[in-house]
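S.K.: Take a look at this one; I'll ask things after.
The values are calculated or read from the model by the stated rules, or taken from the named source; none is laboratory data. Computed from a prediction, not measured in an experiment: that's the story for all the values here. Here the Cβ is made from the backbone with ideal geometry for all residues, glycine too, and neighbour counts use every protein chain on show.
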């Protein structure tokens, strides 16, 4: 294998970058529907509350396996559709089918209990989402020069935020503004949720198709000087062991960041219900507890909306102070936001707390990838973007296994302290950023 300086990638126009990332809107729309409604659907089909966390482990476990494989194979693929597009198109087709089947698992009750069908569809959905999502990160790194990568990943973050907000609120919008039924018979999913999944399936496939037809991929020899050798799947383990120094350094940042995020997603509802609404955990079926849970859905939409807006200014901030400083400051803002929840008494002020969380979320979705892309060999962009997902899934799995025990035995079953811990972890992540090498940062400092 010979090595030389790779040819410069041509700069893309602003709307070309939007087109190549639009599929992320559909992917996050589907993720939001899953995140907001999977537990409700599985409970409808008979899942016990204490078992829901085990179902939720399916997402990080699936991502840990699927993303490196898809990255590896997309690095070694060239078809009429290019390298990355065949994978996120096939993932979109499978995900759209799964989205339509998820709320209708009861129709297959003659074959298996609906809970088993629903759990199986959830796993298929997770795998399909990951097949569609992984190549998008590599696509930005493939096609954009270094000075446009922050913009590329920031636009992805904008679309992720928009998809998350609309997908999260769609069942509520159908029920409250279009009078779609929000209740159903025992064992059936309310039609406002089912209809939302249908819409999500259509949006998912349409946005992916838009990216496929509007984005041109260049053959590898047009922008890669090093030619990727033919290799087996076993090469993934070799690549993992030989990962770039910057990836290892970012791995520590990612561990604390995503451990904190998982704590927030799992424990915000019980934390706010008990600490702010003063509802005991044993009274989780009360109207007040449900009011707290509904408000959590709203403020989660707020932080996703903030992330979409903040992503617009991330490239400008990074250009002035550098990507590392931008990421560190954003993580610190998230830490302040999470810790501040402990001091809130009026639920309305939680919106202020979510501003910091939204800033951190936007940066987490953009800055690590912008930093990482400059240290990865171009011919291994896909597999290393997939391997990097390990540093997202591993902390979630660890948290999923031990997080509940920490709350029960160390925090005396007071989940508000898990949010404080999450805030502290974001501060630790911000500190760790200073040790990351970003060799192609183009900041004017």
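S.K.: On the given criteria, is residue 286 modelled with pLDDT under 95 and either surrounded by 19 or more Cβ atoms within 10 Å (Cβ to Cβ) or farther than 19 Å from residue 436 by Cβ (or both)?
M.R.: Numbers: modelled with pLDDT under 95: yes; either surrounded by 19 or more Cβ atoms within 10 Å (Cβ to Cβ) or farther than 19 Å from residue 436 by Cβ (or both): yes.
Here the answer is yes, as residue 286 does meet what is asked.
S.K.: Another one. So is residue 426 in the same structural domain as residue 310 (by TED's automatic domain parsing), buried (at least 22 other Cβ atoms within 10 Å of the Cβ), modelled with pLDDT of 90 or more and closer than 14 Å to residue 267 by Cα or not?
M.R.: Details: in the same structural domain as residue 310 (by TED's automatic domain parsing): yes; buried (at least 22 other Cβ atoms within 10 Å of the Cβ): yes; modelled with pLDDT of 90 or more: yes; closer than 14 Å to residue 267 by Cα: no.
Considered against the rule, which asks whether it is in the same structural domain as residue 310 (by TED's automatic domain parsing), buried (at least 22 other Cβ atoms within 10 Å of the Cβ), modelled with pLDDT of 90 or more and closer than 14 Å to residue 267 by Cα, residue 426 comes out as no.
S.K.: Quick check: is even one residue across segment 124-136 at pLDDT 80 or above, surrounded by fewer than 20 Cβ atoms within 10 Å (Cβ to Cβ) and assigned to a helix (DSSP H, G or I)? Break it down into steps so the answer makes sense when it comes.
M.R.: Looking only at segment 124-136, we keep the residues that are at pLDDT 80 or above, and these are 124-133, 135-136.
Those left that are additionally surrounded by fewer than 20 Cβ atoms within 10 Å (Cβ to Cβ): 124.
When the remaining residues are screened for being assigned to a helix (DSSP H, G or I), the result is 124.
Yes, segment 124-136 has at least one match.
S.K.: Among the listed residues 94, 151, 170, identify the single one that is surrounded by fewer than 19 Cβ atoms within 10 Å (Cβ to Cβ), part of a helix (DSSP H, G or I), modelled with pLDDT of 85 or more and in contact with a helix residue (DSSP H, G or I) (Cβ under 8 Å, 6 or more places away or on another chain). Write out each step before concluding.
M.R.: On the way: 151 fails: surrounded by fewer than 19 Cβ atoms within 10 Å (Cβ to Cβ); 170 fails: surrounded by fewer than 19 Cβ atoms within 10 Å (Cβ to Cβ).
Sole residue among the options that is surrounded by fewer than 19 Cβ atoms within 10 Å (Cβ to Cβ), part of a helix (DSSP H, G or I), modelled with pLDDT of 85 or more and in contact with a helix residue (DSSP H, G or I) (Cβ under 8 Å, 6 or more places away or on another chain): 94.
S.K.: Looking at segment 150-177, I want the residues that are under 17 Å from residue 132 (Cα atoms) and have a partner that is outside any helix (DSSP H, G or I) with Cβ atoms under 8 Å, at least 6 apart or on another chain. Which pairs are those?
M.R.: Within 8 Å, the pairs are 159/22.
S.K.: Taking only segment 328-357 into account, find how many residues are touching a residue at least 60 places away in the same chain (Cβ under 8 Å) and within 10 Å of residue 299 (Cβ to Cβ).
M.R.: 4
S.K.: Could you run through segment 23-44 and say how many residues are surrounded by fewer than 21 Cβ atoms within 10 Å (Cβ to Cβ) and either closer than 19 Å to residue 204 by Cα or at pLDDT 75 or above (or both)? Step through it out loud before you land on a result.
M.R.: In the first step, residues of segment 23-44 are kept if they are surrounded by fewer than 21 Cβ atoms within 10 Å (Cβ to Cβ); the result is 35, 39-40, 43.
Right, trim to either closer than 19 Å to residue 204 by Cα or at pLDDT 75 or above (or both) and you get 35.
So the count comes out to 1.
S.K.: For residue 398, state whether it is surrounded by fewer than 17 Cβ atoms within 10 Å (Cβ to Cβ) and closer than 24 Å to residue 70 by Cα.
M.R.: On the way: surrounded by fewer than 17 Cβ atoms within 10 Å (Cβ to Cβ): yes; closer than 24 Å to residue 70 by Cα: yes.
Considered against the rule, which asks whether it is surrounded by fewer than 17 Cβ atoms within 10 Å (Cβ to Cβ) and closer than 24 Å to residue 70 by Cα, residue 398 comes out as yes.
S.K.: Identify all residues within segment 184-197 that are in a loop (DSSP other than H, G, I, E, B) and either in contact with a helix residue (DSSP H, G or I) (Cβ under 9 Å, 6 or more places away or on another chain) or at positive phi (or both); write none if there are none. Full working, then the answer.
M.R.: Step one: filter segment 184-197 for residues in a loop (DSSP other than H, G, I, E, B), giving 184-190.
184, 186, 187, 188, 189, 190 - these are the residues of segment 184-197 that are in a loop (DSSP other than H, G, I, E, B) and either in contact with a helix residue (DSSP H, G or I) (Cβ under 9 Å, 6 or more places away or on another chain) or at positive phi (or both).
S.K.: For segment 404-419: of the residues being modelled with pLDDT of 85 or more and part of a helix (DSSP H, G or I), which is surrounded by the fewest Cβ atoms within 10 Å (Cβ to Cβ)?
M.R.: The residue in question is 409.
Listed here are the residues, each with its yes/no results for (1) touching a strand residue (DSSP E or B) at 6+ places or on another chain (Cβ under 9 Å); (2) part of a loop (DSSP other than H, G, I, E, B); (3) modelled with pLDDT under 95; (4) farther than 30 Å from residue 374 by Cβ.
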residue	(1), (2), (3), (4)
218	yes, yes, yes, no
222	no, no, yes, no
257	no, no, no, no
293	no, no, yes, yes
304	no, no, yes, no
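S.K.: Return the pair list, or none, for Cβ contacts closer than 9 Å from residues in segment 39-68 that are closer than 14 Å to residue 122 by Cα to residues that are modelled with pLDDT under 75 and not in a helix (DSSP H, G or I), at least 6 apart or on different chains.
M.R.: Going by the 9 Å Cβ cut-off, the qualifying pairs are 39/47; 41/47; 45/113; 55/47.
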